[in-house]
Amino acid sequence: MGERQISQAVIRRLPRYYRYLGELLENGVERISSNELSKRMKVTASQIRQDLNNFGGFGQQGYGYNVKYLHSEIGKILGIDKSNHMVIIGAGNLGHALANYSAFEKRGFVLDGMFDVNPELVGMEVRGIPVQMIDELEPFLESHQIDIGVLTIPKSAVVEIANILVKHGVKAIWNFAHTDLNLPDDVIVENVHLSESLMRLSYNIARYKEEHNK
């Protein structure tokens with residue numbers, strides 16, 4: 001693959017490929033053509049071939065793709081063949097929901113700790129992980145190798161907490177706070193704005209109604 005720059009659009013499609021291929025595996029499908037995969041994913045066969053050619057292609061003329069092999073290779077590209085350890089900062093409703101999502105572990109994401117400022121939550125466990133007070137975060141980071149910090153806290157606190165995570169070597173932030181983060185270039189930040197996603201859905205509903213009520 002060398003140093004070839006992969007577009008963000010391709011990277012955004014990789015998890016979908018991984019998910020669909022996983023479903024095919026569960027259904028006992030051993031191989032699939034780009035045309036068949038195209039019908040399932042609603043992405044053109046040409047686009048699928050172009051996307052996968054960024055990483056070597058993986059297919060054989062007249063045979064298609066070996067589902068198990070392609071699923072495994074995309075998992076490696078996504079890095080989910082290795083464990084990523086994470087902490088959740090903010091043990092409210094969203095933090096609890098994320099901690100309870102068992103599929104994370106199947107993808108190699110290991111939850112090691114949860115932290116909050118609310119003393120009433122201390123000692124509460126989510127799938128065996130106890131909630132700790134936020135002032136225990138730094139000692140915890142010093143004694144654990146954490147890859148990802150998940151922020152489900154008010155935006156007033158997010159910059160301070162993100163800086164603590166970065167200071168202790170955390171290189172990836174999954175940010176659910178309603179503000180974007182400006183961190184060093186070697187820190188990867190994925191900002192998740194749930195309200196923006198809902199507004200995009202609202203836009204598409206409005207356009208659909210306009211088109212079908214003419």
Output the qualifying pairs, or none if there are none: Cβ atoms under 8 angstrom, residues six or more apart or on different chains, first residue in segment 85-109 and open to solvent by 50 Å² or more (accessible area, probe 1.4 Å), second residue aromatic (Phe, Trp, Tyr).
Leu94/Phe176
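Just to be sure, is Ile74 within 19 Å of Ile32 (Cβ to Cβ) and open to solvent by less than 20 Å² (accessible area, probe 1.4 Å)?
Answer is yes for this residue.
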Would you say Arg13 is open to solvent by less than 60 Å² (accessible area, probe 1.4 Å) and touching an Asp or Glu at 6+ places or on another chain (Cβ under 9 Å)?
yes
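Out of curiosity, is Leu151 surrounded by 15 or more Cβ atoms within 10 Å (Cβ to Cβ), in contact with a strand residue (DSSP E or B) (Cβ under 6 Å, 6 or more places away or on another chain) and without any contact (Cβ under 8 Å) to a residue 24 or more places away in the chain?
Judged against the criteria, Leu151 is not a match.
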Condition first: of a type in the set (Ser, Thr, Tyr) and open to solvent by less than 50 Å² (accessible area, probe 1.4 Å). Now tell me which residues in segment 47-71 satisfy that.
Tyr65
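The values are calculated or read from the model by the stated rules, or taken from the named source; none is laboratory data. What you see is a predicted model, and the numbers here were worked out from it, not measured in a lab. All Cβ positions, glycine included, derive from the backbone under ideal geometry; neighbour counts span all protein chains shown. For accessibility, only protein heavy atoms count, side chains too; no ligands or nucleic acids. Shrake-Rupley method; radii C 1.70, N 1.55, O 1.52, S 1.80 Å.
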